[in-house]
Amino acid sequence: MNNSRNKKMITILGVLIVMLLGVALYMTYFQLFEAKFYADHDYNSRNWVDESSILRGTIRDADGNSLAYSQRNEDGSMQRINAYYYMYTPIIGYTDPELGKSGIEQKYNKELLNIPDNYDFISQLESAYNRSERGKDVYLTIDSDIQSYMYDLLEGYKGAIVVIEPSTGNIVSMISRPSFNVNRLKENWNSLIESDDGVLINRATQGLYTPGSIFKIISSIALLENNVDLDYIDNGSTTINGYTISNYANREYGEIDLRKALIHSSNTYFSDKSKELDNIDLLRVTNSFMLGKAYDFDVNRSLSRIPYKNNLDELEKAVTAFGQGKTMVTPLDMASMVAAIANDGIMMKPRLVNKTLDGEVITEFSPVQLSKAVPKDINDRMVDYLTDTATENNRILDDGTKLAGKSGTAETDTLEHSWYVGFGPAESPRYAIAIVLEHAGVENSQGAGRIFNRAMEFLLRQ
């Protein structure tokens, strides 16, 4: 009898030990692998407890001017105030205990609340006693003078502008219009989410657009890298798999090479030349520019959609070669592409945040190289081609300063998008720009190019 009872006790004890071990193993796994995810999550109530007791850090521009800051009200509650109601909203985003977070407010929530990097129990316990009553300040790379000018350039348009320093990857301006008054977020929330204008989307990083002829830059590099014969007779149209591809207004350019094909933006040239390239040849170039590739960025970023991995047939490859078909790109990716060409073919990681400040402790973030996108000899030729393309199409400054770039008119189901990507000065680039005007239409197909000129006139006076 006693033996039977002892066996039952041992069995029960064994089950309890196994259960306790299971809980211990799960907690260990959670602390090692899952804690960071849940600690950073928007809906982690602990973060809102932190925010009710800690003054959220200030978000500043490159010169230290306050863009978003918190103040404590008389009743002890915290109020977040944005100095610029619209211009910075797509970058800075919002923070609200009911509506969540977006933009820099989301990505740098931990820094703004001074939440420690370590997620184990001991570290969290120590931080509870040693915690600052104020979060870290976050300094952006954005220049407010440039930001204000670029914002005004997009008045009346839907679209985006991204301006990058090629040698550092610093984004000195990022515009997405239309925008909204973040200081009135809660009262306008229902109308914002029901709006057809997509105001809650940062078009510069999340907008996906057909690229049109700016994608001929990718095709050009692939042709040069694969030593394809660059000579061609342009008859104004070509037929591939029974489908006729034409130049704009069916224009014939006769005997041309790659340089002239870019200047005239010949669709037939790039369509026919794509027959001499394999999908992998083109995919290699898009990969080198990180198109469709994930990397850590300071706000949410959509991945460009590059169809070459799907083993396109001859017709699909032909229309993709001049920027139509299923290709979709973000303005950020296109700005990074031309910034790499402006930087001797070396692509720097684009960034919006330069440093954080915790009291007197400054943490600076150094520029990071993402890839060697283009071999130096080929890149030099592309700079020459894009300089000639810009010059021949009146993209030159009043003082004679030469620029480099390429326009694009992207066909959609409705009105066309107007694109321009480029950099300046052509000989010693300081800034690279991507501009897209959403559904601008054929009558305004050069709208992005005109904005490019005005933007460069302003930038090169800085």
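Structural remarks
- Given +1 at the Cβ of Lys and Arg, -1 at the Cβ of Asp and Glu and no other charges, the dipole of the chain around its Cα centre is 1480 debye to the nearest 20.
- Couplings 3J(HN,Hα) of segment 99-109, computed from phi: 9, x, 9, 8, x, 4, 4, 7, 5, 10, 4 Hz, in residue order, whole Hz [Karplus 6.51 cos²θ - 1.76 cosθ + 1.60, θ = phi - 60°; x for Gly and Pro].
- Taking the DSSP bridge list for the chain and keeping only pairs wholly inside it, about 95 percent are antiparallel.
- Column: log10 I(q)/I(0), Debye, Cα scatterers of segment 127-244, q = 0.09 Å⁻¹: -0.51
- Net dipole in debye of segment 353-428 [+1 Lys, Arg Cβ; -1 Asp, Glu Cβ; about Cα centre; nearest 20]: 220
- The residues packed around Asn183, meaning those with a beta-carbon under 12 Å from its beta-carbon, carry a net charge of +1 if Lys and Arg are +1 and Asp and Glu are -1.
- Across segment 66-83, rounded Karplus estimates of 3J(HN,Hα) from the backbone phi angles (6.51 cos²θ - 1.76 cosθ + 1.60, θ = phi - 60°) give 6, 10, 9, 9, 10, 9, 8, 7, 4, 7, x, 6, 9, 10, 8, 10, 9, 5 Hz, Gly and Pro being marked x.
- Counting only alpha carbon atoms, the long axis of helix 2-29 and the longest principal axis of the chain meet at about 40°.
- Every helix of 4 or more DSSP H residues in the chain counts as -39500 (n - 2.57), and over all residues that averages to -11000 deg cm²/dmol at 222 nm.
- Compared with the dominant Cα axis of the chain, that is its longest principal axis, helix 216-225 is turned about 80°.
- Long-range amide H partners of Ala68 with built H, under 5 Å: Ile59, Ala83
- Violating pairs (Cα-Cα greater than 21 angstrom) within the set Lys273/Lys349; Lys275/Lys309; Lys158/Lys402: Lys273/Lys349; Lys158/Lys402
Rule-based calculations on the coordinates, nothing more; no lab input. These numbers come from a predicted model, not from an experiment. Virtual Cβ from ideal backbone geometry, glycine too; neighbours counted across all protein chains shown.
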